[in-house]
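**Student:** Quick one: structure below, then a few questions.
The values are calculated or read from the model by the stated rules, or taken from the named source; none is laboratory data. Worth saying up front: this structure is predicted, and the values here are computed from it rather than measured. Heads up, the Cβs are rebuilt from the backbone with ideal geometry, glycines too, and the neighbour counts pull from every protein chain shown. Just the protein is used for accessible areas: all its heavy atoms, side chains included, with ligands, DNA and RNA removed. Shrake-Rupley method; radii C 1.70, N 1.55, O 1.52, S 1.80 Å.
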Amino acid sequence: MSLFGGGVFSIVLIIVGVVLFLHFVPIGLWISAIAAGVRISIFNLVGMRLRRVVPEKIVLPLIKANKAGLDVNVNQLEAHYLAGGDVDNVVDALIAAHRAEIPLPFARTAAIDLAGRDVLEAVQMSVNPKVIETPVISAVAKNGIELKIVARVTVRANIDRLVGGAGEATVIARVGEGIVTTVGSAESHTAVLESPDDISKVVLGKGLDAGTAFQILSIDIADVDVGRNIGAALMTDQAEADKRIAQAKAEERRAMAVAKEQEMKAYTQEMEAKVVEAQAEVPHAMAQALREGKMGVMDYYNMNNIKADTAMRDAIAGGKQ
């Protein structure tokens, strides 16, 4: 039993050793590379394992590139893999560019991939342009009529500006701005409806693709709808605002007049009170003057005659009015 157990243990050790050997030395992958005409050392494959590089991620794209006739070596692919790039996608992009006769070196392709852009999609877009549809763009002509416009922008990827170039959102924003400016300079909305292709010509001539990762090939107006009469609505709102301002000013003037009237009433009442107070003091003053001998009886009598005469004249004058 001990001999049998020792034999089983030896077999297990051998199997484990073979598995570890095949893991660090991918014989099958090396044979596939040799069969495909790709010269790669077995020690290089072992070094990939030690550098924590998956050999399949390097060898299989290398075989693909070699079959496509591309001049790509192991060091380039491994360096791009270690930098966090997608080696397989880069090789596919290089093959697509090579087939389309687009000059695209490996360094630029790797830089585009590391910049976060899909380089294969960019190459495909260079061959087969992409159509971008804008959202509904609201523009107002000089006569105040709103137009709702949808445009289709045909773009082709600009490989030279993929790194650092603006994306689709910038293109859509610029096209929308150009449409708004062009419609806004039109005398009436009917002129735009008669020849919507004029919008495309004017906007296309503004060079909207400058600084972007695309080349604009055409701008086509897909749909134009007539919206609200913005001018009339603005005039109505302005008239309503003016009316409210006039009402507020009139109310202010009325309030000021009421306040002034109240102030005058208060002043009149105050003056009347002072007159009544003064009249109440007259008998006291006359009595004091009589006691002190400053006024005689005849003076008092003459004063009363004058007051009566004045009252009569006032009554006559009032009757004549």
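**Student:** Report in % the part of the accessible area of region 80-195 that belongs to carbon and sulfur, leaving out ligands and nucleic acids; probe 1.4 Å.
**Tutor:** Carbon-and-sulfur percentage of accessible area, whole number: 51.
**Student:** On to the next question. Which of the residue pairs LYS260/LYS307; LYS148/LYS243; LYS142/LYS249; LYS148/LYS201 have a Cα-Cα distance greater than 29 Å in the structure shown?
**Tutor:** LYS260/LYS307; LYS148/LYS243; LYS142/LYS249
**Student:** Residues with beta-carbon under 9 Å from that of VAL155, excluding VAL155: net charge, scoring Lys, Arg +1 and Asp, Glu -1?
**Tutor:** 0
**Student:** Something else about it: Have a look at TYR81, LEU94, MET125 and report the one farthest towards the positive end of the charge dipole of region 65-164, computed about the Cα centre with Cβ charges (Lys/Arg +1, Asp/Glu -1).
**Tutor:** Value: MET125.
**Student:** Give the whole-number value, in cubic angstrom per residue, of the convex hull volume spanned by the C-alpha atoms of region 141-228.
**Tutor:** 78 Å³
**Student:** Here's another thing I want to ask about it. Taking region 89-139, which GluC sites (Glu not before Pro) meet the DSSP loop condition and have no more than 13 other C-beta atoms within 10 Å?
**Tutor:** Taking region 89-139 and a limit of 13 other Cβ atoms within 10 Å, the loop GluC sites (Glu not before Pro) found are GLU101.
**Student:** Summing Lys, Arg as +1 and Asp, Glu as -1, what charge do residues with Cβ under 14 Å from the Cβ of GLU251 carry, GLU251 excluded?
**Tutor:** Summing Lys/Arg as +1 and Asp/Glu as -1 gives +4.
**Student:** Using a 1.4 angstrom probe and counting only protein chains, how large is the accessible area of LYS130 in Å², to 10?
**Tutor:** In the full protein context, LYS130 sits at about 60 Å².
**Student:** Then there is this: I'd like the distance between the alpha-carbon centres of region 107-164 and region 60-101, rounded to an integer number of Å.
**Tutor:** Between the Cα centre of region 107-164 and that of region 60-101, the gap is 26 Å.
**Student:** What length, rounded to one decimal in nm, is gained on full extension from LYS206 through to GLN262, with 0.36 nm per residue of separation minus their alpha-carbon distance?
**Tutor:** 13.3 nm
**Student:** Then there's this: So for region 63-189, what are the equivalent ellipsoid semi-axes in whole Å, largest first, each being the square root of 5 times an eigenvalue of the Cα gyration tensor?
**Tutor:** Semi-axis lengths for region 63-189 are 42, 13, 9 Å.
**Student:** So what does LEU193 come to for accessible area, using a 1.4 Å probe and Å² rounded to 10?
**Tutor:** 70 Å²
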